[in-house]
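This report concerns only the one structure given below.
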Amino acid sequence: MASTARKVISTDKCPKSSAPYSQAIVAGNTVYCSGIMGVELDSLEFAVGGAGPQAAKALQNLRVLLEESGSSLSKVVKTTVLLADMNDYNVVNDEYRKVFADSFPARSCYAVNKLPRGAAVEIEAIALIGDVIHTTTKLSSKM
C-alpha cells in the first residue's frame, strides 16, 4: 500500500491560535487550511471596521499561509466562509471578489451563532500544490 505524507504547517508569518489545531495540513498535493480570522499579526487584534476589513485581512492571512504551505490563492479549489451575521454577506463578497477575481473557487457560506473571540468572519480553504492546469467548462442543459 502506498504511503501519503502528512505535513503540519506552522508559521510565525500568519497569526496563530492557542486552540488545539494546526494552521494547515499538507497531505499529498493538497493543503487544508484551518479557519482564518481577520486579525493583525503583531497585535492579534481584529482588523478595525467590521466584516469587510476582517474579511480582507483574513484573505491576506490566507495568502501568506498558502504561500508558506507551497501553494497560492490561484490554486484554491474550495473555501468555506463563516459569518457571524448574514447581513455582512455582500460586504464580505466584495472583498472576496478582489482576491478571487480571475477564477472563483467552489464555496460554501454559512451564518453561525457565534465565531471565536467575537469575529465577524472566518475563512477555511483547500488548495492544490504543484503545477495546476486551470480550465473552465460551461455546460448547457436542454430542457
(request) State which residue is nearest to the chain's Cα centre (by Cα) when the search covers only region 85-102 and only residues that are part of a loop (DSSP other than H, G, I, E, B) and surrounded by 12 or more Cβ atoms within 10 Å (Cβ to Cβ). (result) Phe100
(message) Against the conditions (1) crowded, with 18+ Cβ neighbours inside 10 Å; (2) on the phi > 0 side of the Ramachandran plot, where does Cys14 fall short? Just the number, please.
(response) (2)
(message) Looking at Ala101, Ala106, can you tell me which residue is out of contact with any strand residue (DSSP E or B) (no Cβ under 8 Å at 6 or more places or on another chain), among the aliphatic types (A, V, I, L, M) and either without any contact (Cβ under 8 Å) to a residue 40 or more places away in the chain or within 19 Å of Val39 (Cα to Cα) (or both)?
(response) Ala101
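Results for (1) closer than 15 Å to Ala125 by Cα; (2) in contact with a Pro (Cβ under 9 Å, 6 or more places away or on another chain), shown as yes or no for each residue.
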site: Ser18; (1), (2): no, no
site: Ser34; (1), (2): yes, no
site: Val64; (1), (2): yes, no
site: Ser69; (1), (2): yes, no
site: Ser72; (1), (2): yes, no
site: Val77; (1), (2): yes, yes
site: Thr80; (1), (2): yes, no
site: Asn90; (1), (2): no, no
site: Ala101; (1), (2): no, no
(request) Look at Ser18 and say whether it is modelled with pLDDT of 95 or more, among the hydroxyl-bearing types (Ser, Thr, Tyr) and either out of contact with any Phe, Trp or Tyr (no Cβ under 9 Å at 6 or more places or on another chain) or in a strand (DSSP E or B) (or both). (result) no
(message) For region 103-114, give me each residue that is outside any loop (DSSP other than H, G, I, E, B), touching a Leu at 6+ places or on another chain (Cβ under 9 Å) and hydrophobic (A, V, I, L, M, F, W, C).
(response) Cys109, Ala111
(message) Please verify whether Asn61 is of a type outside the set (Phe, Trp, Tyr), surrounded by fewer than 19 Cβ atoms within 10 Å (Cβ to Cβ) and either modelled with pLDDT of 95 or more or in contact with a Cys (Cβ under 8 Å, 6 or more places away or on another chain) (or both), treating the condition exactly as stated.
(response) no
(request) Please work out if Leu82 is assigned to a helix (DSSP H, G or I), crowded, with 16+ Cβ neighbours inside 10 Å, among the hydrophobic types (A, V, I, L, M, F, W, C) and in contact (Cβ under 8 Å) with a residue 24 or more places away in the chain. (result) no
(request) Kindly provide the set of residues from region 121-143 that are assigned to a loop (DSSP other than H, G, I, E, B) and touching a strand residue (DSSP E or B) at 6+ places or on another chain (Cβ under 7 Å), ordered by number. (result) Ile129
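The values are calculated or read from the model by the stated rules, or taken from the named source; none is laboratory data. Keep in mind the model is a prediction, meaning the values are calculated, not measured. Glycine also receives a Cβ, built like all others from the backbone with ideal geometry; neighbour counts cover every protein chain displayed.
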